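Just below is one structure, and these are the notes that go with it.
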Amino acid sequence: MSEPAQTKSLKRGRGRPRLFDRTAAIQQAMLLFWDRGYEGTTFDDLIGAMKLSPSSFYHEFGSKEQLYREALDYYLKLSTSYSRGFSSHRDTRGAFEALIEDAAAFFTNDASPAGCMISLAGTHLPPHLRAVADYTKSLRKLFQQALAKRLRKGVSDGDLPPGTNVKELAAYFETIFRGMAVQARDGASRKQLLAICRVAMRAWPSRPPDSNHKTDHKGRPRRVIS
């Protein structure tokens, strides 16, 4: 039987080569970066957690920055699996409620560091690490664009008012999402984050008038006989 694609042999100076699970190594790196941030995670921390020699580390990942990017990509896949309600709800409000409720659960689960890696791990970096900061920033921007895309669909579907400022509403919910990550890192419980969710949803735009307020072909109001 052939080995899984992500598992391969690492050569040693002596003795038999040992198997290396690349995915498991990236997962360990992700947890460190998520918990300690980019600069707070040292090279020794990484090779210790991944059980790699320095030479094997550079052979596999090239640099700490490249590993960080791969760890972020791995985190994205992990976090997306916890937010399926956002894409499965047909109603836009329901989709956003599910998103921030799922985030409250994800940010406070005991299996991983509190909060959001993309929100917390690469926000304060010196100028020589601008590329690292910019990559993390680009992922946050993509998230806000995804929120705006879903809101535009809501306007098109008719479950948001035609005059909804999609850009501002997307920025608002992205800010709520990032703030919840900080609250979770500071020790907020899932229950406390869900309370924030309920307050946040009060900003949701009112639905458009129902179907009883119909117009004729010239756009004039007409009475509906029931």
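Summary table
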{"item": "Considering residues of the stretch 161-171 that are in contact with a helix residue (DSSP H, G or I) (Cβ under 9 Å, 6 or more places away or on another chain) and either among the aromatic types (Phe, Trp, Tyr) or over 11 Å from residue 205 (Cα atoms) (or both) only, the residue least open to solvent (accessible area, probe 1.4 Å)", "result": "170"}
{"item": "Residue 143 being assigned to a helix (DSSP H, G or I), open to solvent by less than 40 Å² (accessible area, probe 1.4 Å) and under 22 Å from residue 172 (Cα atoms)", "result": "no"}
{"item": "Residues of the stretch 95-120 satisfying the condition of being in a loop (DSSP other than H, G, I, E, B) and open to solvent by 10 Å² or more (accessible area, probe 1.4 Å)", "result": "108, 109, 110, 111, 112, 113, 114"}
{"item": "Pairs with Cβ under 9 Å, 6+ apart, first in the stretch 35-56 and open to solvent by 30 Å² or more (accessible area, probe 1.4 Å) and in a loop (DSSP other than H, G, I, E, B), second β-branched (Val, Ile, Thr) and modelled with pLDDT of 95 or more", "result": "53/47"}
{"item": "Total residues in the stretch 146-160, condition touching a residue at least 24 places away in the same chain (Cβ under 8 Å) and either open to solvent by 30 Å² or more (accessible area, probe 1.4 Å) or under 28 Å from residue 72 (Cα atoms) (or both)", "result": "6"}
{"item": "Total residues in the stretch 77-94, condition open to solvent by less than 50 Å² (accessible area, probe 1.4 Å), of a type in the set (Ser, Thr, Tyr) and more than 14 Å from the chain's Cα centre (by Cα)", "result": "1"}
{"item": "Test: residue 184 is modelled with pLDDT of 95 or more, part of a helix (DSSP H, G or I), among the hydrophobic types (A, V, I, L, M, F, W, C) and farther than 27 Å from residue 40 by Cβ", "result": "no"}
{"item": "Verdict on residue 206 being within 27 Å of residue 88 (Cα to Cα), surrounded by fewer than 18 Cβ atoms within 10 Å (Cβ to Cβ) and at pLDDT below 90", "result": "yes"}
{"item": "Residue, modelled with the lowest pLDDT, within the stretch 121-132, restricted to residues that are under 16 Å from residue 75 (Cβ atoms) and open to solvent by less than 60 Å² (accessible area, probe 1.4 Å)", "result": "122"}
{"item": "In the stretch 66-75, residue nearest to residue 40 (Cα to Cα) [restricted to those that are in contact (Cβ under 8 Å) with a residue 12 or more places away in the chain and either open to solvent by 60 Å² or more (accessible area, probe 1.4 Å) or touching a Gly at 6+ places or on another chain (Cβ under 9 Å) (or both)]", "result": "68"}
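The values are calculated or read from the model by the stated rules, or taken from the named source; none is laboratory data. This structure is a prediction, so every number in the text was calculated from the model and none was measured. Using ideal geometry, Cβ is built from the backbone for each residue, glycine included, and neighbour counts are taken over all protein chains shown. Note: accessible area is taken over every heavy atom of the protein model, side chains too, but ligands, DNA and RNA are not part of it. Shrake-Rupley method; radii C 1.70, N 1.55, O 1.52, S 1.80 Å.
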